[in-house]
Amino acid sequence: MADPQPTLPSPASGYGARFRAWSRRRALSPTGNTGDTIFRAALFLCALLLLLLAMAMIVAMAANAKLSIHQFGFGFLTSRSWNPIKNEFGALPFIYGTVMSSLIALVIAVPLSLGVAIFLVEQSPRKMSRPIAFLVELLAAIPSVVYGLWGIFVLAPFLREHVEPTLARWFGWLPFFQGTITGIDLFTAGIILAIMITPIISAVVRDVLAAVPVSQREAALALGATRWETTRIVLANAASGIAGAIILGLGRAIGETMAVTMVIGNRPEIAASLFKPSYTIASVIANEFTEATGDLYLNALIELGLILFLVTFIVNGIAKVLVWSVTRKTSGMARAT
């Protein structure tokens with residue numbers, strides 16, 4: 001009598017289970033390796049934690065500002081009155097001071113930053129560009145309170161004695177340069193912000209220009225372009241990255257606190273003259289948070305912080321997207337060449 005044939009394992013029962021387990025690992029990691037899967041999951045949790053932290057900050061500030069939001073509604077953004085004694089709170093003077101000081105800083109800092117970055121990447125010898133780039137990055141690391149002290153004792157007197165009288169004499173017919181000159185005003189705050197954000201914009205623009213493929217410069221020169229025309233071509237290819245650098249500098253200017261608080265005058269008013277004292281959102285929070293004894297007063301300050309946080313979050317997000325787009329574009333062109 002012949003022995004019975006051995007029973008083979010069913011493919012659906014053995015190999016199917018292995019395939020399903022491998023598919024799950026593959027979904028978590030492209031390599032399907034267990035170690036890579038754990039590593040990718042850990043990195044995902046870290047990224048998710050940062051996202052949850054940002055969302056938690058927004059939710060916490062909104063919860064602590066609900067009294068002000070319920071009391072004033074949208075009128076909080078349009079009201080010009082800020083009187084803690086009468087429980088009258090409006091954010092418009094602080095929004096105006098924040099926007100105007102940041103715009104002054106951008107008007108001054110952007111041309112200087114572009115000039116520094118173009119010189120370091122396109123014109124400067126390597127032996128000179130490295131120490132200059134180091135000094136530029138060093139300026140970006142100076143604490144803001146140091147800038148504020150320098151602004152009070154050096155910048156403000158210099159502007160009061162030499163710059164602002166000249167502007168008033170030549171451009172006094174404009175409403176921007178009228179009024180009493182004190183040196184502690186919106187114009188001084190814009191100048192010190194410009195000095196603070198110039199190193200940041202310069203460093204980012206330098207990296208963006210350096211990322212443009214050398215083949216583009218060589219092609220332009222081979223076709224007979226001058227150095228200036230070649231630089232214009234490089235700037236056109238790096239336009240998105242330059243815009244991202246400018247927006248990053250704008251985000252720094254919007255959120256700056258100590259240096260601006262020391263030189264802006266800290267007066268909640270809206271005036272066309274740049275020689276008038278003003279106030280920013282960050283400054284009023286730093287100055288009055290410890291004095292806020294009433295619940296509505298404290299909630300109004302927290303709502304100001306929520307507005308500032310959302311504006312800074314959006315500005316930095318736009319900057320990151322622009323820098324990412326120009327980096328992807330230049331890397332793709334480099335692979336094509």
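The values are calculated or read from the model by the stated rules, or taken from the named source; none is laboratory data. If you're wondering where the values come from, they're calculated on a predicted model, not measured in any experiment. Note that each Cβ is placed from the backbone with ideal geometry, even for glycine, and that neighbours are counted across all protein chains shown. Side chains included, ligands, DNA and RNA excluded: accessible areas come from the protein's heavy atoms. Shrake-Rupley method; radii C 1.70, N 1.55, O 1.52, S 1.80 Å.
Please go through region 65-87 and pick out each residue that is among the aromatic types (Phe, Trp, Tyr) and open to solvent by 60 Å² or more (accessible area, probe 1.4 Å).
The answer is 74, and nothing else.
Among the residues in region 255-267, are any touching a Pro at 6+ places or on another chain (Cβ under 6 Å) and not hydroxyl-bearing (Ser, Thr, Tyr)?
yes
From the list 165, 199, which residue is under 18 Å from residue 249 (Cβ atoms) and not hydrophobic (A, V, I, L, M, F, W, C)?
199
Scanning for something without any contact (Cβ under 8 Å) to a residue 40 or more places away in the chain and more than 30 Å from residue 290 (Cβ to Cβ), does region 50-68 turn up at least one residue?
yes
Identify, please: which residue in region 201-224 is among the small types (Gly, Ala, Ser) and in contact (Cβ under 8 Å) with a residue 24 or more places away in the chain and is, among those, most open to solvent (accessible area, probe 1.4 Å)?
210
Quick check on region 299-307. Is at least one of its residues open to solvent by 30 Å² or more (accessible area, probe 1.4 Å) and within 17 Å of the chain's Cα centre (by Cα)?
Yes, region 299-307 contains at least one residue that is open to solvent by 30 Å² or more (accessible area, probe 1.4 Å) and within 17 Å of the chain's Cα centre (by Cα).
Among the residues of region 235-288 satisfying the criterion of being closer than 18 Å to residue 184 by Cβ and without any contact (Cβ under 8 Å) to a residue 24 or more places away in the chain, which is least open to solvent (accessible area, probe 1.4 Å)?
266
Kindly indicate whether any position in region 226-249 is outside any helix (DSSP H, G or I) and over 21 Å from the mean Cα position of the chain (by Cα).
Yes; the residues of region 226-249 include at least one that is outside any helix (DSSP H, G or I) and over 21 Å from the mean Cα position of the chain (by Cα).
Would you mind listing the helices (runs of 4 or more DSSP H) fully within region 71-189 where at least 2 residues are in contact with a Phe, Trp or Tyr (Cβ under 8 Å, 6 or more places away or on another chain) and touching a residue at least 12 places away in the same chain (Cβ under 8 Å)?
In region 71-189, 92-118, 164-171 are the helices (runs of 4 or more DSSP H) which contain 2 or more residues that are in contact with a Phe, Trp or Tyr (Cβ under 8 Å, 6 or more places away or on another chain) and touching a residue at least 12 places away in the same chain (Cβ under 8 Å).
In the list 43, 8, 28, 52, which residue meets the criterion of being over 30 Å from residue 87 (Cα atoms) and modelled with pLDDT of 90 or more?
One residue alone meets the criteria, 52.
Answer yes or no as to whether residue 37 is in contact with a helix residue (DSSP H, G or I) (Cβ under 6 Å, 6 or more places away or on another chain), assigned to a helix (DSSP H, G or I) and without any contact (Cβ under 8 Å) to a residue 60 or more places away in the chain.
Yes: the conditions hold for residue 37.
Quick check, is residue 196 crowded, with 22+ Cβ neighbours inside 10 Å, out of contact with any His (no Cβ under 7 Å at 6 or more places or on another chain), hydrophobic (A, V, I, L, M, F, W, C) and closer than 21 Å to residue 146 by Cβ?
yes
So in region 273-291, with the set limited to residues that are modelled with pLDDT under 90 and assigned to a loop (DSSP other than H, G, I, E, B), which one is nearest to the chain's Cα centre (by Cα)?
289
Looking only at region 155-170, how many residues end up being open to solvent by 60 Å² or more (accessible area, probe 1.4 Å) and within 22 Å of residue 195 (Cβ to Cβ)?
Matching residues across region 155-170 total 4.
Here's the yes/no breakdown for (1) at pLDDT below 90; (2) under 26 Å from residue 258 (Cβ atoms); (3) surrounded by 15 or more Cβ atoms within 10 Å (Cβ to Cβ):
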residue	(1), (2), (3)
110	no, yes, yes
123	yes, no, no
133	yes, no, yes
141	yes, yes, no
146	no, yes, no
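Any chance region 225-234 includes a residue that's open to solvent by less than 50 Å² (accessible area, probe 1.4 Å), touching a Phe, Trp or Tyr at 6+ places or on another chain (Cβ under 7 Å) and either on the phi < 0 side of the Ramachandran plot or modelled with pLDDT of 85 or more (or both)?
No - not one qualifying residue is present in region 225-234.
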